[in-house]
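For reference, the structure is listed below as structure tokens.
The values are calculated or read from the model by the stated rules, or taken from the named source; none is laboratory data. Every value quoted in this text rests on a predicted model; they were computed, and no experiment measured them. Neighbour counts are summed over all protein chains in view; Cβ atoms, including those assigned to glycine, are modelled from backbone coordinates with ideal geometry. Note: areas computed on protein heavy atoms with side chains; ligands, DNA, RNA excluded. Shrake-Rupley method; radii C 1.70, N 1.55, O 1.52, S 1.80 Å.
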Amino acid sequence: MARSVQAAVVERPGWRRGDLRVEGPDEDPFTLSVSALESLQRLPGFDRPWGRVHLVGPSSREMAPALGEALGDPALEVRRAQGGATEVFTALATATGSGGSEGPEAVVVVDVASPPVPGRVERPYGGGAVAFGIREGDGLRIGPHGERHHPPERRPDATAWVRTVRRGTGVGEELKGALVVRAAIAPPVLLAFWTKELPDVVVRNASPVDLSLGPAPHLGPAVDLLEAAQVPVDGPVRVLATIQPSYTTFLGLGVGDPWILVPAAPLAPDAPTWRGRPEGDGELLRSVSEGAYVPRPRYLESRGSRWRFLADQCPGCERLTFPARGVCRWCGRSEGLVSVALPRDGGIVEARTTVRPGAQPTEFDPWVDAIGGYDVALVRLAPTVLATLPVTDALAGATPAGAVVRTRLRRLYPMEGEWRYGRKAVLTPAAPAPT
Amino acid sequence: VLLRTAVQSAYGSVDRGVERTQIGEAFLGTLGFSGWQLGNASAVLAEEAGIPGVPSTRVENACASAGFALRAGIKAIESGSRDVVLVAGLEKMTDPTPSRRRYWLGVSGDTEWERLAGLTFAGVYGLMADRYLAEHHVGREALAEVAVKNHANGALNPNAQFQKEITRQQVLDAPKVADPLGLLDCCPVTDGAAAILLAGEEIARSFTDTPVIIAGDGAGSDTLALQERAHLTRLAATQRAGDEAFHRAGVDRSVISFLEVHDCFTIAELLALEDLGFAGRGEAGALTLSGATRRGARLPVNPSGGLKSKGHPIGATGAGQAYEAFHQLRGTADRRQVEGAEWGLSHNVGGSGASATVTIYRRG
């Protein structure tokens, strides 16, 4: 049976920097990818072992195995690709094509916000992640894709352009009326030309839809694809064309069958803001901790509990020990302990404090510099299990005792040249319903 | 200088004098030793006390270091292995840079799950306070009253760091540090040292006609991290230490004339009153607001000013509490004297309750 995209999850950060919607200071491509993929894991058909994950966007070599570990499958094959629309479409084509593996696959596309660069006219852009879930069955069908170059010094040839798109996507006369154009950063005159020459097509303008996703090179094509798939155009076939100043990328889509879309949560009016990382990650990572030291082996040993809330369940007294430590802390038994993953969402805040500037450990100085005070909560994960969790994506003091929280994997602190990650609590918002 | 001053003062407090050669062992409670002698610091005690060659041991249980050093000294006397023991506590907290100080203050809590979740002790006690106030429907006024009372006591103590009174409104209006705790809910950063001479009762009576007798002691431990405790508003280590101390002393709580409890944050005094059995669960706030814990009232708590006003030189605090008990029971506490004091209790907590000692004293 053919494979198709049967679900997509959009994870857009809930922070502001100026007009941009950006990831918080504790997020990066790894955390954004994990959050999107964890959301995908919760959807029907994707809660079983995946065959493969395709990761498109900025990533490090260490990120691939860490992604599998975070998702509970250390052996998970993760293919990495850097690049823009072509790499996104190629990954989707691979996952939906005959080269696909056994079991569901996921394509996760990620971007982090770009800071404004002094002296350059390009707009900065926001960040986020989109996870596409692919498995056998009917859904959003990914067609052929291609590119057409049109140097800006030459007058655009609409007829030739349409011919190329038809040939590249395999879409015939039905292209008319089913073309979704997104002119990401094309000069207005070029966009006006396409609109005039192709009067029957639906045109999506370059202006940001929400808080300036802008020309995010990786995430932009993925978001455009989802938007194109939802544009109300007659017929089951459509083409997404993204016009850049000197070239156009295009992708054929089959949209006749139902699929699940989990949109990003709306940006709260009081979304927290921060000033960015003026010192850069490099300086932070090179800094020597003046504070609590956790050797790397100890950190690696604790990652199961930190990342996935793994606890030991004792076969003798049946009680849970969290964090897992290889021995039941209630009765001392160490044989036959069963690893149990505690719920990551739905925990209740039992106590909360707001750490004000000056009361933070030294490792958290950059965090305080970026956002001021922050909350830390004791969250009940299970009847006998509490976890001490930093609260993120919220203003200090906004998370009261009794609140229901979900948790997300985020950066905790830099140590020994690397970021250490763990789960943080996030106030449960009024989640947008899947469509 | 701090350590030397404290030891000389201890020698000088012996009515009929003590020969240094009589001291058979020494114990030093310290956490950070100003950050410059993190290993083998106990040798400094022998040097400064003028007792070269005498075995000395450093005891480190964070804020309860001196409490446990005192306990080690008691055990050395009780076992019969030593006749006279010197116990000292020392902390010089203002020398290191603020970031360095935050470092070694912080590493005594749970490093992996609390410290690296963004908490220092203010935050950990802030969590306890948040839970306590919600669980027992108590207002911040009860916490503030602890600070007001202890500052009033500290104003009478020439050794106190803050010798001035404050008002409840000042406490409530102070800048927040770790909600719901504000600046005046927190003990200060303090330099200090204290020294105690312990001896078997017979030998002690050869030194003085008015010894202070250690009637009983107890100790306990608990998990480092709050998240692993059954209750967020109870310190199991304190409960165990208190029960053991009263059992060993063979008395009940009604005989106690005053308490020196570990009020590193105002919430800690309320928890101590309940954990030690002097108030029912959730009732310490009302007890405090009633005035019953003031110096001239039914149950004086922290007549020295406590950690809150007298100061909290981490590793010295447990010895400082014993010093206060010594003076209260000999009737030499001057303006802060608890009238008719016959029995006293000191309570020293390590970190957020991972360790605790309780010592019960009586007039000799």
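Of all residues being in a strand (DSSP E or B) and open to solvent by less than 30 Å² (accessible area, probe 1.4 Å) in the range A:330-367, which is farthest from the other protein chains (Cβ to nearest Cβ)? Just the residue, please. Result: A:GLY347. Quick one: is A:ALA341 in contact with a helix residue (DSSP H, G or I) (Cβ under 6 Å, 6 or more places away or on another chain), in contact (Cβ under 8 Å) with a residue 60 or more places away in the chain and of a type in the set (A, V, I, L, M)? Yes; evaluated as a whole, the condition is true for this residue. Only a single item in (1) assigned to a helix (DSSP H, G or I); (2) over 20 Å from the mean Cα position of the chain (by Cα); (3) farther than 23 Å from B:THR233 by Cβ is not met by B:TRP104, and it is number (2). Pairing each residue of the range B:106-131 that is of a type in the set (Lys, Arg) with any residue that is part of a loop (DSSP other than H, G, I, E, B), provided the two are 6+ apart or on different chains, yields C-beta distances under 8 Å for B:ARG115/A:GLY291; B:ARG115/A:ALA292; B:ARG115/A:PRO361; B:ARG115/B:VAL107; B:ARG115/B:GLY109; B:ARG131/A:ALA401; B:ARG131/B:LEU232; B:ARG131/B:THR233. Across the range B:142-159, the qualifying residues are those that are open to solvent by 10 Å² or more (accessible area, probe 1.4 Å) and assigned to a loop (DSSP other than H, G, I, E, B), and the one among them that is farthest from B:ALA129 (Cα to Cα) is B:PRO158.
If the condition is being in a helix (DSSP H, G or I) and of a type in the set (A, V, I, L, M), then the range B:1-25 contributes B:LEU2, B:LEU3, B:ALA6, B:VAL7, B:ALA10. Residue count for the range A:234-246 under the criterion of being closer than 20 Å to A:SER4 by Cα and surrounded by fewer than 19 Cβ atoms within 10 Å (Cβ to Cβ): the result is 2. Counting the residues of the range A:309-319 that are open to solvent by less than 30 Å² (accessible area, probe 1.4 Å) and either under 28 Å from the mean Cα position of the chain (by Cα) or among the aliphatic types (A, V, I, L, M) (or both) gives 2.
Residues in the range B:107-141 that are crowded, with 23+ Cβ neighbours inside 10 Å, on the phi < 0 side of the Ramachandran plot and either part of a loop (DSSP other than H, G, I, E, B) or away from chain A (no Cβ under 14 Å) (or both): B:SER108, B:GLY109, B:ASP110, B:TRP113, B:GLU114, B:LEU119, B:THR120.
All of (1) farther than 25 Å from B:ALA64 by Cα; (2) in contact (Cβ under 8 Å) with a residue 60 or more places away in the chain; (3) of a type outside the set (Lys, Arg); (4) open to solvent by 50 Å² or more (accessible area, probe 1.4 Å) hold for B:GLN169 with one exception: (2). Just wondering, is there one or more residues in the range A:296-308 that are assigned to a loop (DSSP other than H, G, I, E, B) and either within 12 Å of chain B (Cβ to nearest Cβ) or open to solvent by 60 Å² or more (accessible area, probe 1.4 Å) (or both)? Scanning the range A:296-308, I find no residue that is assigned to a loop (DSSP other than H, G, I, E, B) and either within 12 Å of chain B (Cβ to nearest Cβ) or open to solvent by 60 Å² or more (accessible area, probe 1.4 Å) (or both), so the answer is no. Kindly indicate whether B:THR238 is open to solvent by less than 10 Å² (accessible area, probe 1.4 Å), not in a helix (DSSP H, G or I) and not hydrophobic (A, V, I, L, M, F, W, C). So B:THR238 fails the test.
Provide a single number: the residues in the range A:368-395 that are under 19 Å from A:ASP28 (Cβ atoms), touching a Phe, Trp or Tyr at 6+ places or on another chain (Cβ under 6 Å) and open to solvent by less than 30 Å² (accessible area, probe 1.4 Å). Number of matching residues: 1. Condition test on B:GLY277, is it assigned to a loop (DSSP other than H, G, I, E, B), more than 21 Å from B:LEU329 (Cα to Cα), more than 14 Å from chain A (Cβ to nearest Cβ) and touching a residue at least 12 places away in the same chain (Cβ under 8 Å)? Against the criterion (assigned to a loop (DSSP other than H, G, I, E, B), more than 21 Å from B:LEU329 (Cα to Cα), more than 14 Å from chain A (Cβ to nearest Cβ) and touching a residue at least 12 places away in the same chain (Cβ under 8 Å)), B:GLY277 qualifies.
If you go through the range B:279-297 one residue at a time, do you hit one that is aliphatic (A, V, I, L, M) and more than 20 Å from B:THR233 (Cα to Cα)? Step through it out loud before you land on a result.
Let us first name the residues in the range B:279-297 that are aliphatic (A, V, I, L, M), namely B:279, B:284, B:286-287, B:289, B:292, B:297.
Now narrow it down to the ones that are more than 20 Å from B:THR233 (Cα to Cα): B:292, B:297.
So far as the range B:279-297 goes, yes, one or more of its residues are aliphatic (A, V, I, L, M) and more than 20 Å from B:THR233 (Cα to Cα).
It is to be established whether one or more residues within the range B:259-276 are out of contact with any helix residue (DSSP H, G or I) (no Cβ under 7 Å at 6 or more places or on another chain) and under 30 Å from B:GLU201 (Cα atoms). Among the residues of the range B:259-276, at least one is out of contact with any helix residue (DSSP H, G or I) (no Cβ under 7 Å at 6 or more places or on another chain) and under 30 Å from B:GLU201 (Cα atoms), which makes the answer yes. Counting only residues that are part of a loop (DSSP other than H, G, I, E, B) and at pLDDT 85 or above, the range A:125-174 holds 4 of them. B:PHE162 meets all of the listed conditions (1) more than 9 Å from chain A (Cβ to nearest Cβ); (2) free of Cβ contacts under 8 Å to residues at least 24 places away in the same chain; (3) hydrophobic (A, V, I, L, M, F, W, C); (4) open to solvent by 50 Å² or more (accessible area, probe 1.4 Å) but one, namely (2).
One line per residue, one yes/no per condition, for (1) surrounded by fewer than 22 Cβ atoms within 10 Å (Cβ to Cβ); (2) modelled with pLDDT of 95 or more; (3) over 25 Å from B:MET93 (Cβ atoms):
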position: B:VAL7; (1), (2), (3): no, yes, no
position: B:ASP15; (1), (2), (3): yes, yes, yes
position: B:THR21; (1), (2), (3): yes, yes, yes
position: B:ALA26; (1), (2), (3): no, yes, no
position: B:PHE33; (1), (2), (3): no, no, no
position: B:ASN40; (1), (2), (3): yes, no, no
position: B:SER56; (1), (2), (3): no, yes, no
position: B:PHE68; (1), (2), (3): no, yes, no
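Of the residues in the range B:258-265, none is more than 14 Å from chain A (Cβ to nearest Cβ) and open to solvent by 10 Å² or more (accessible area, probe 1.4 Å).
Only one of the numbered conditions (1) assigned to a strand (DSSP E or B); (2) of a type outside the set (A, V, I, L, M); (3) more than 7 Å from every other protein chain (Cβ to nearest Cβ) is not met by A:PRO400, and that is (1).
Hey, could you check the range B:91-100 for residues that are facing chain A (nearest Cβ under 10 Å) and either farther than 30 Å from B:ALA195 by Cβ or of a type in the set (Lys, Arg) (or both) and say which is surrounded by the most Cβ atoms within 10 Å (Cβ to Cβ)? The residue in question is B:ARG100. Among the residues of the range A:368-385, which ones are more than 7 Å from chain B (Cβ to nearest Cβ) and either in contact with a Gly (Cβ under 7 Å, 6 or more places away or on another chain) or within 14 Å of B:GLY126 (Cβ to Cβ) (or both)? A:GLY373, A:ASP375, A:ALA377, A:VAL379, A:ARG380, A:LEU381 - these are the residues of the range A:368-385 that are more than 7 Å from chain B (Cβ to nearest Cβ) and either in contact with a Gly (Cβ under 7 Å, 6 or more places away or on another chain) or within 14 Å of B:GLY126 (Cβ to Cβ) (or both).
Screening the candidates B:ALA333, B:ALA297, B:ALA322 for the property of being of a type in the set (Gly, Ala, Ser) and in contact with a Leu (Cβ under 8 Å, 6 or more places away or on another chain) yields one hit, B:ALA322.
Would you say A:PRO199 is over 30 Å from A:PRO118 (Cα atoms) and either part of a strand (DSSP E or B) or modelled with pLDDT under 75 (or both)? Taking the combined requirement at face value, the residue satisfies it.
Against the test of being surrounded by fewer than 18 Cβ atoms within 10 Å (Cβ to Cβ), farther than 30 Å from B:GLY118 by Cβ and hydroxyl-bearing (Ser, Thr, Tyr), the options B:SER254, B:SER221 yield a single qualifying residue, B:SER254.
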